[in-house]
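This report refers to the structure that appears directly beneath it.
The values are calculated or read from the model by the stated rules, or taken from the named source; none is laboratory data. Treat the numbers as computed from the prediction; the structure is a model and nothing was measured. When we count neighbours, we look across all protein chains shown, and the Cβ atoms used for this are built from the backbone with ideal geometry, even at glycine. To get the accessible areas, we keep the full protein, side chains included, count just its heavy atoms, and leave off ligands, DNA and RNA. Shrake-Rupley method; radii C 1.70, N 1.55, O 1.52, S 1.80 Å.
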Amino acid sequence: MSSLVWLGLAVLLVAGVALTGSGPKGAKPVGHTRLMKSARFFLLGGILVCGAIGIFGSFRH
C-alpha cells in the first residue's frame, strides 16, 4: 500500500477517536469538556466542507 493510504487510515482513526471521545487507558477524561465538544463541532464542519468540495468538484468535470 502507498503512503497516502496509510495517511488516510491514520486520519480516519484520529477522527474516529475524536468523535467518540474514547482514548487510551489511564488518560485524562477530556471527552465531555466544552473544548472537546467545540472541537467535535469544527471537525464535523470541516468534514462536511471538504466532502462538499469533493462532490461538487467531481460534478464539474
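For the range 3-57, what does the accessible surface come to per residue with a 1.4 Å probe? Please give it in Å².
Solvent-accessible surface per residue comes out at 85 Å².
Relative to the present Cα-Cα distance, how much length would full extension add between residue 34 and residue 19 at 0.36 nm per residue of separation?
4.0 nm
Please work out the FRET efficiency for the pair residue 50 and residue 9, using the Cβ-Cβ distance as r and a Förster radius of 22 Å; give the result to the nearest 0.05.
The formula returns an efficiency of 0.85 here.
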